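Have a look at the structure below before the remarks.
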Amino acid sequence: MRHLSRSLAAVAACGLLIAAGLAEAAGKTPGHLKKGARATGAEVRYSDSGPEPLLAKVFDAIEGNQLDLAMQQTEMLIKAYPNFRLAHLVMGDLLLARSRPLMSFGEGGGSASGEKIADLRDEAIVRLKGYRTKPPADYVPRYLLQMHPEQKHAVVVDTQKSRLYLYQNDQGTPRFVADYYITQGKLGADKAREGDKKTPIGVYHVTSSLPRKKLTDFYGSGAFPINYPNEWDKRQGRNGHGIWLHGTPSDTFSRPPRASDGCVVLANQDLDSLSKSLQIGLTPVIISNSIEWLSLDDWQSERSSLLKNVEEWRSDWESRNVDQYARHYSHKFKADGHGYKDWIEQKRKVNAGKSWIKVGTGNISMFRNPGKEEHVVVTFEQDYRSSNLSGQMKKRQYWIKESGRWKIVFEGAA
């Protein structure tokens, strides 16, 4: 009995080792809420997607010295996810603990290397932390300022938490749908150049869908490229290509938190579920190092302020008052080979030949950049009419904050 007690204590110690870093467990206000925001006591949301609920029960049982219960929960976990390596490693530890005390996590891994054990430990930590530290139900990612009606969903990735959040467009308000464990670049986030093994930070869109039959098994059940580098990335001198959302090889349930060459990688079943919500050319994919969350009231206030700026820009263009129109543009503005001065002078010449201008801005979407560089990506369907020219286009603008005011630094066809 004493030996079994020591084994249980040792297994519990391993569980506590895994739980290290989980101080922000459910029930506490997430430390990544926007400064000044307070939780309202709203019920925390839990997604049933993936193995996290069962995995959490396993470690709860281990930490409670309930070895038999932990074994039962682990068997259920393996039955549900047969190729989930982390579950098999935990089972190995539990079985070994019946014969001798364990000194460290992963001793039951047999011939598995120390590096693989460390990867699985890291995966356990981020999975449990992501599961146990959800934002309150009435908070939304700061970046989803406005989705236009045709954008049914939005994707927001938190690289620090190795978590992807899916939101539905509920008549303009983002509503939480599900969240999934993800793998990011081997060397973390904030991609800057080709081959740096990092995942980009920014506002992107899904550009295409690559089915399994066109890919090697490495990419799993499919892939969805995104438009990295976007116009902002190019202005900052960033390069590289081939950043995708994709799956895992057929013999692999999941990969370690940092294991890709820069792509965002999901378990195949998670990618299959997510793919039903992805719209080519429409779905935004916002990748953040650490998500900022806003209460719905603060989100609405920030959204209204930016919409007001866009409306003033539209109205000043219609007025044909070039000086009023020019105040919306940054002196750092560049587009179509023109800098700020050339752009404004060109507008003066064009407007001089017109007696009236009407501008429509339909289906506006606005997404705030999650990185250190403060800007908002605004996309809309422009309907331009004037006394001598008319045309429609899908336009994209990048607005930056200068001296406390939002100004356009780039615009062009989307």
Original post:
Is it fair to say Gly242 is at positive phi and either open to solvent by less than 60 Å² (accessible area, probe 1.4 Å) or touching a Leu at 6+ places or on another chain (Cβ under 9 Å) (or both)?
Top reply: yes
Subject >> Residues that are over 19 Å from Ala154 (Cβ atoms) and touching a Phe, Trp or Tyr at 6+ places or on another chain (Cβ under 9 Å), drawn from the stretch 201-222 >> reply: Leu210, Arg212, Tyr219
Subject >> Filter result for Leu278 (among the hydrophobic types (A, V, I, L, M, F, W, C), surrounded by 13 or more Cβ atoms within 10 Å (Cβ to Cβ), over 30 Å from Lys354 (Cβ atoms) and touching a residue at least 60 places away in the same chain (Cβ under 8 Å)) >> reply: yes
**OP:** Identify all residues within the stretch 351-372 that are of a type in the set (A, V, I, L, M), touching a strand residue (DSSP E or B) at 6+ places or on another chain (Cβ under 9 Å) and closer than 17 Å to Tyr384 by Cα; write none if there are none.
**Re:** Ile357, Val359, Ile364
Original post:
How many of the residues in the stretch 90-111 are surrounded by 17 or more Cβ atoms within 10 Å (Cβ to Cβ) and within 18 Å of Leu77 (Cβ to Cβ)?
Top reply: 11
Original post:
Which residue pairs have Cβ atoms under 9 Å apart, sit 6 or more places apart or on different chains, and have a first residue in the stretch 228-252 that is free of Cβ contacts under 8 Å to residues at least 24 places away in the same chain and a second that is open to solvent by less than 70 Å² (accessible area, probe 1.4 Å) and outside any loop (DSSP other than H, G, I, E, B)?
Top reply: Gly242/Pro225
**OP:** Search the stretch 264-275 for residues being crowded, with 19+ Cβ neighbours inside 10 Å and in contact with a Ser or Thr (Cβ under 7 Å, 6 or more places away or on another chain), and hand back the single one that is nearest to Lys198 (Cα to Cα).
**Re:** Val264
**OP:** With the condition kept exactly as written, say whether any residue in the stretch 356-364 is under 28 Å from Leu294 (Cα atoms), among the polar types (S, T, N, Q), within 37 Å of the chain's Cα centre (by Cα) and surrounded by fewer than 19 Cβ atoms within 10 Å (Cβ to Cβ).
**Re:** yes
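For (1) surrounded by 13 or more Cβ atoms within 10 Å (Cβ to Cβ); (2) without any contact (Cβ under 8 Å) to a residue 40 or more places away in the chain; (3) over 30 Å from Pro200 (Cα atoms); (4) in contact with a Leu (Cβ under 8 Å, 6 or more places away or on another chain), each residue gets a yes or a no:
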{"position": "Trp293", "(1), (2), (3), (4)": "yes, no, no, yes"}
{"position": "Arg303", "(1), (2), (3), (4)": "yes, no, no, yes"}
{"position": "Trp313", "(1), (2), (3), (4)": "yes, no, yes, no"}
{"position": "Asp316", "(1), (2), (3), (4)": "yes, yes, yes, no"}
{"position": "Phe333", "(1), (2), (3), (4)": "yes, no, no, no"}
{"position": "Tyr340", "(1), (2), (3), (4)": "yes, yes, no, no"}
Original post:
In the list Gln382, Gln392, which residue meets the criterion of being among the polar types (S, T, N, Q), in a strand (DSSP E or B) and out of contact with any Ser or Thr (no Cβ under 8 Å at 6 or more places or on another chain)?
Top reply: Gln392
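The values are calculated or read from the model by the stated rules, or taken from the named source; none is laboratory data. Just so we're clear, the structure is a prediction, and the values are computed from it rather than from any experiment. Here the Cβ is made from the backbone with ideal geometry for all residues, glycine too, and neighbour counts use every protein chain on show. Areas reflect the complete protein model, heavy atoms only, side chains present, ligands, DNA and RNA absent. Shrake-Rupley method; radii C 1.70, N 1.55, O 1.52, S 1.80 Å.
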